[in-house]
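Working notes for the structure below.
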Amino acid sequence: MTVPAAGATSPAPGPARARSTAAAVARLVAWRVAGAVVLLAVISVLVFLLTYLTPGNIIKNITGIRPASPKLVAALRREYGLNEPLVTQYLHWLGRFVQGNFGRSIEDQTSVAQLFSERVGVTLLLCGLAFALAVLVSVPLGVMAAARAGGLIDRLISVGSVVSLSAPAFAAGLILLYVFSYYLPWFPSSGAGQGFLDTLYHLTLPAITLAVGVGAYIVRLTRTAMVRELQSDYVTFARARGLRDRRVLATALRNGIIPVITTMGLVLSYLVGATILVETVFTLPGLGLLLQSSVVFKDFPVVQFLALFFAAVIVLVTLAVDLSYLALDPNWRRQLTR
Amino acid sequence: MTADVLTSVAAPAANARKRRRPVTLVTCLIILGLALFAALFGHLVFPNATQVNILQAKLPPGSPGHLLGTDELGRDVFAISVAGAASTLVGPLIVAGGAMIVGTFFGLLAGFRQGPTDFVLSRITDLLLALPVILLGVVVAGLFGASYWWTTLLLIVTFAPYDIRIVRSGVIEQVTKPYVEAARLLHLSSWRIMFRHLLVNLWPLERTNFLLNYANAIIAMSALSFLGVGVQEGTANWGRQLIDGEQVLFSNPLVSITPAVLIVVVACAVNLLADALNSREGKGRGR
Amino acid sequence: MSTINGRRRLRLYAAGAVAAVSSLVLAACGSSHPGASASSSSGTSSTSLQTLTVAAPGSRTNLYVGDQEGTVNHWIAALVQEGLVWPAGDGTYKPALATSWSEPDPTTYVFNLRHNAKFQNGQPLTTADVVYSIEFAKSPKYSAQTAYYLSDVKSVAQTGQWQVTVKLDAPENGFLGSLSTAGGLWVSSESYLKAHLNDLGTATGLILGTGPYKVTKFVPDEGVWLTRVSTWWGGVPKIKNIVVTFYNDENAEYLAAKSGAVDLALWVMPTEEPQWNSLSGFYVTNAPEASYVGLIFNPNVAPFSDIHVRQAIADAFDRQAFVQDALKGGDSEVATAMTPPVALLSGYSTSKAASLLSQIPQPAYSLADAKKELAESKYPHGFTATLTYPNNGPQLGLAAEVLASSLAKIGIKLNVSEVPIAQWLGSFANPKIGLNFMWDQLATGDMAEYVEAMLGPGNPSYYSNAQIKSLLAQENTQTSAQQRANEIIELNKLADDTDLLDVPLWWEPVGMAFKDGLGIKNYNYATFFTPWATDIYQKG
């Protein structure tokens, strides 16, 4: 429920407006899909180049610490097409990729698709859980801090969120392990478990670790947005009209939601790529460890695939956030359909 | 009870008009003053803080001459913490500041101009968000080694897309408001609208984000050091000490706890100071 | 439900959450703990050997050592697969799949195989399987990381119903070790290897061997699950199940042990030993001198091409103080050479070997001498250099920092940087790197294990000369163990003093942390390259 902005023009009412909104959304999505294709192509080139620039020598990584005969080195170079110019190597990879052949990991000698499917479940579940925890705890805390701005609760919440932000993931993870796995033996100390519920159980501490690290942004930005909303005239008017407190807060939140949703989207984008530290501390077979070992090994089929996967996730999250602006802000919707 | 709460929700400034001693403000100022002093003069007060003294490695807290004990290389924890203030506090300032400048400029452009400008800028932002930091870090390490300033630059590139998106969202929220339409009707130039009018209203958002990024960057400067980029082992730097202290976590936990507490205290002081200053400003306007 | 109560509840909840988190953070920092460590999440009680939970440092993504070599990879594979022999830990070899062997001439080895060996799937071992496995292990395509061990093999053939003959290109004294799982051979069935050419060692392909345990599950980066089999020729092991969990964070591993989730922690680093020893319910047992740490130079790269520079660096590190203070409580010793006394056991007793090795001219710590050496070099005003160390060896990082701080006093700026282990291993392939760490472990136990690697063809110093070559040729064909030991000591002298290619720093033990109720028979550096779980027993 918003107070209509003074002077806002209203286009055709009812069904006509709905039609033009739907058209605007469709246009938006179409453009984004086109943009995504270009984006993924550009990323694949950039990541290919960056992998090439990574220090080290993939032949040496394959042959390990022992000396390798020149014959072996030559054979390996032939096998992995390393004698061809970079552009040709890239195009070969691209040609296979678009046909659905995602290649084999040079380090593990397994198909990239298999490596990915073995780990994506754990990573997505972990991120989803962390995201849900972060949002469900942080948004209310931010609202509360704003509602009592300047008071003790506000300060405590601010301090709490800065504390959680300042602890690097491994520190938070170790503290949680100490408290909830050792001191209070409630949770397992490592591994991803078997079966859906068991995995959720194993992922609880890691998810809390991740949520704690990013929650601060949601808390503080929600607070900032809310403080501003609560200072607005319409809040005073609503109060004066006798609206209940909870309704006022809910309305203020709804109106100030855009930066909050943006932050939530950014948090989700960040989480997907940031699981490595948590995977390290809790021994989780996720995509973070896979990406790290592939980057260091110069295992470019794996690096390419993972980079494109993360990019696709970012594109989807960004699109969802931008669509939510349309859904939640009628003024914006009006502007776009004008 | 209801009346109290009503007024507090509707007009926090009114609450603040009650006489409240500026305890928070003063405490924050003292903390930040000490931090600044340590950053500027730490190397003078403790010129030998980073001196390796292997004979005195891993002494527990309370050892003679070492109130907080020593770390794995025999350096006094208190001395190296004071000496580490400069490295800890300066780089992240530039990271957060750099990200804010980039974010503000491109976020304003994208949100205000919309259309093709927004489309291109947003896709570039998506690209930066999607580039794996580990890959970038390893390449930077390979090309430039563990350089403090190259790490700072890397972190600016890593943080900037988040700032761009947040500023852009703030602009989107503001751009439908009447004052923007009014400014347009007055034929004010885009740049003027963006940087004079919109920016002022985005300031609270920017400030909150800047401060959070600052705290985040302190840790990030050392977080990638295992890849060879960022502040390396043995450097006087709170983030680095926190990580190095892992090795001696169960012999002298203060090696990790001291810098952790320092980072938290400074970050909180900065955030609470900003809040306190803001509410004082609000008092004056008396809505 | 009035709004007042609702809000108060919300407020209390939030305040409680914040307070709880803060107090937990503060409480967690306190080191006291309630004493009662509850039963581990793996369900092991210390009186039963149903399941042995093992903590392994670092992570692995492939079980076949030929695809991913690492000391711990060898240890895990040793439970499942076997070679023709095992290292006995004193320079000699014990029968594994070969019951006896002979050397009719220096380049020919004839092995008589066990008749009753079976693979874990019930298939009996045939001679054809052994021949195929050796070819497979020798193939640079299928065993890229360990093919080197068998690179001198000219031919392998079945020469009898249970006999295999291996012919070499040139005599190689330590060759037997290469045919063990400490070296480069893991015998599997021909049909299995052929069926899993594309996924051997992965979560779907696993590994098949003749050993006492079979792999039931492998989750790369998480762990390996093993179950005993009744097909092993050595008998049925007492321990029924083994779960190996990989830990990337040493403190997470320590906490897991504290909570009772670990029975055995593999390869506790010297810097971690004190805290494991002080962990109630655990003790550390050491295989002394099993691991070597030193500096290695590439004398083709300036400024390390100048022997005075190398000498200056050697004189700038106080090895005694480092071992005593930085590695205190860890049973490490200053290294007088690369090859430790325990490796020369077949030639000399440990004490005799130690005394002979200490007669090699040693660098004495003296900054004054170091300064003098530098002044005599082509770089009297110093220079800047880089030294990298792997992120799983914190003790190397400490040494690097100590060295850097000493060198700074004589005008050399040493930039120290930590890199991922794969990158550090890869740095040996870079001929432009003049200074590096060398960190190696005894595996086959052959006397020449280190000198072959550091001075033989393809060595990481990119250097050789006539003297080194001739001594290596001599020790490769030498029949007297004592003479051979003398030649190897001579090679160490060339490397550490005359040509100054290496600066030995310290020998550290390979330590294993066991729960108090468990013990291991005859633990030495070779034990974990054999089916070590069969040597673990419950203390009465």
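Derivation of every value follows stated rules applied to the coordinates shown; laboratory data play no part. Keep in mind that this is a model prediction, so the values were computed, not measured. Using ideal geometry, Cβ is built from the backbone for each residue, glycine included, and neighbour counts are taken over all protein chains shown.
So how far apart, in nm, are the two label points at C:Ser355 and C:Tyr463 if each is 7 Å from Cα heading toward Cβ?
Result: 3.1 nm between the two label points.
Pick from A:Lys71, A:Lys298, A:Lys60: which residue has the top mean-square fluctuation in a GNM of chain A where Cα pairs under 10 Å get a spring?
Looking only at A:Lys71, A:Lys298, A:Lys60, the largest GNM fluctuation is found for A:Lys71.
Compute the FRET efficiency between B:Phe144 and C:Lys194 as 1/(1 + (r/R0)^6), taking r as their Cβ-Cβ distance and R0 = 60 Å, and round to the nearest 0.05. Walk me through the intermediate numbers first.
Details: r = 48 Å, r/R0 = 0.80.
So the FRET efficiency works out to roughly 0.80.
Please compute, over every Cα-Cα pair in chain A, the percentage with a separation greater than 37 angstrom. Write down the numbers at each step before the final one.
Working: 20408 of 56953 pairs.
So the pairs more than 37 Å apart make up 36 percent of the total in chain A.
Which value, in debye to the nearest 20, describes the size of the charge dipole of chain B about its Cα centre when Lys and Arg Cβ atoms bear +1, Asp and Glu Cβ atoms bear -1, and nothing else is charged? List each step's numbers first, then the result.
Working: 21 positive and 15 negative charges, 288 e Å.
Around 1380 debye, computed over chain B.
What's the average, rounded to a whole number, of partner chain beta-carbon atoms within 10 Å of each residue's beta-carbon in A:287-295? The partial results should precede the final answer.
Values: counts 0, 3, 7, 3, 4, 11, 9, 4, 10.
Average neighbour count from other chains, rounded to a whole number: 6.
I want the antiparallel fraction of DSSP beta bridges within the protein assembly as shown, as a percent rounded to 5. Show your work: numbers first, answer last.
Values: 61 of 77 bridges.
Here the antiparallel bridges make up roughly 80 percent for the protein assembly as shown.
Please average, across the residues of B:58-64, the number of beta carbons from any other chain that are within 10 Å of each residue's own beta carbon, and give a whole number.
On the way: counts 6, 0, 0, 0, 0, 0, 0.
For this peptide, the per-residue mean of nearby foreign Cβ atoms is 1.
Sort B:62-69, A:82-89, B:232-239, B:202-209 for me by packing, meaning the mean count of neighbouring Cβ atoms within 10 Å per residue, highest on top. The partial results should precede the final answer.
Values: B:62-69: 14.4, A:82-89: 11.9, B:232-239: 25.5, B:202-209: 21.0.
Highest to lowest by the protection proxy: B:232-239, B:202-209, B:62-69, A:82-89.
Give, rounded to the nearest 20 debye, the magnitude of the charge dipole that segment C:493-532 has about its Cα centre when Lys and Arg contribute +1 at Cβ and Asp and Glu contribute -1 at Cβ. List each step's numbers first, then the result.
Numbers: 3 positive and 6 negative charges, 83 e Å.
Roughly 400 debye for segment C:493-532.
Name the aspartates and glutamates eligible as straight-distance cross-link partners of C:Lys214: C-alpha to C-alpha under 16 Å, and not fewer than 8 places from it in the same chain.
By straight Cα distance, C:Lys214 reaches C:Glu82.
Provide the FRET efficiency to the nearest 0.05 for the A:Val45-B:Phe195 pair, computing r from the beta carbons and using R0 = 30 Å.
Values: r = 35 Å, r/R0 = 1.16.
The value I calculate is 0.30.
Using the Karplus curve 6.51 cos²θ - 1.76 cosθ + 1.60 with θ = phi - 60°, work out ³J(HN,Hα) for each residue of segment A:299-312 in order, rounded to whole Hz, and write x for Gly and Pro.
7, 5, x, 6, 4, 4, 4, 5, 4, 5, 4, 4, 4, 4
Which is farthest toward the positive dipole end of segment A:119-297 among A:Met144, A:Gln292, A:Leu177, measuring Cα position about the Cα centre, with Cβ charges +1 (Lys, Arg) and -1 (Asp, Glu)?
A:Met144
For B:Phe119 and A:Phe237, FRET efficiency with R0 = 30 Å and r from the beta-carbon atoms, rounded to 0.05?
Working: r = 38 Å, r/R0 = 1.27.
It comes out at approximately 0.20.
With runs of 4+ DSSP H residues as the only contributors, calculate the mean residue ellipticity of chain A at 222 nm using -39,500 (n - 2.57) per run, divided by the residue total and rounded to the nearest 500. Each step should come with its number before you reach the end.
Working: 15 runs with 254 residues, N = 338.
Helices in chain A give a 222 nm mean residue ellipticity of -25000 deg cm²/dmol.
Between C:His115 and A:Thr88, what is the label-to-label distance in nm when each label sits 7 Å out along the Cα-to-Cβ direction?
5.8 nm
Report the label-to-label distance for C:Asp105 and C:Ala368 in nanometres (one decimal), using points 7 Å from each Cα along the Cα→Cβ vector.
6.1 nm
Positive end of the charge dipole of segment B:45-286 (Lys, Arg +1 and Asp, Glu -1 on Cβ, about the Cα centre): tell me which of B:Pro92, B:Val140, B:Phe46 has its Cα farthest that way.
Checked the options; the winner is B:Pro92.
Toward the positive end of the charge dipole of the protein assembly as shown, about the Cα centre and with charges on Cβ (Lys, Arg +1; Asp, Glu -1), which of A:Gly256, C:Gly281, B:Trp150 goes farthest?
A:Gly256
Which pairs break 24 Å Cα to Cα here: C:Lys138/C:Lys217; C:Lys372/C:Lys409; C:Lys352/C:Lys515; C:Lys328/C:Lys515; C:Lys138/C:Lys167; B:Lys58/C:Lys515? Intermediate values should be presented prior to the final figure.
On the way: C:Lys138/C:Lys217 27 Å; C:Lys372/C:Lys409 13 Å; C:Lys352/C:Lys515 35 Å; C:Lys328/C:Lys515 22 Å; C:Lys138/C:Lys167 13 Å; B:Lys58/C:Lys515 26 Å.
Among C:Lys138/C:Lys217; C:Lys372/C:Lys409; C:Lys352/C:Lys515; C:Lys328/C:Lys515; C:Lys138/C:Lys167; B:Lys58/C:Lys515, the Cα-Cα distance tops 24 Å for C:Lys138/C:Lys217; C:Lys352/C:Lys515; B:Lys58/C:Lys515.
Averaged over its residues, how many other protein chain Cβ atoms are within 10 Å of peptide C:63-71's Cβ atoms?
Values: counts 0, 1, 1, 1, 6, 4, 4, 2, 0.
For peptide C:63-71, the averaged partner shielding equals 2.
What does the C-alpha gyration tensor say about the overall shape of segment A:119-297? Classify as rounded when a/c is under 1.5, otherwise prolate if a/b is larger than b/c, or oblate. Each step should come with its number before you reach the end.
Details: a/c = 2.55, a/b = 2.17, b/c = 1.18.
Here segment A:119-297 falls in the prolate category.
Among rounded, prolate and oblate, which fits chain B when a ≥ b ≥ c are the square roots of the eigenvalues of its C-alpha gyration tensor, a/c under 1.5 means rounded, and a/b larger than b/c means prolate? Kindly include the intermediate steps, with their values, before the conclusion.
Details: a/c = 2.96, a/b = 1.46, b/c = 2.03.
Judged from the Cα gyration tensor, chain B comes out oblate (a/c at least 1.5, b/c at or above a/b).
Tabulate in residue order the Karplus-calculated ³J(HN,Hα) for segment B:240-249, using 6.51 cos²θ - 1.76 cosθ + 1.60 with θ = phi - 60°, rounded to whole Hz; enter x for Gly and Pro.
5, 4, 4, 6, 4, x, 4, 5, 10, 4
Which of the peptides C:205-213, C:413-421, B:261-269 is most tightly packed, and how do the rest follow, going by the mean number of other Cβ atoms within 10 Å of each residue?
Averaged packing, sorted descending, gives the order C:205-213, B:261-269, C:413-421.
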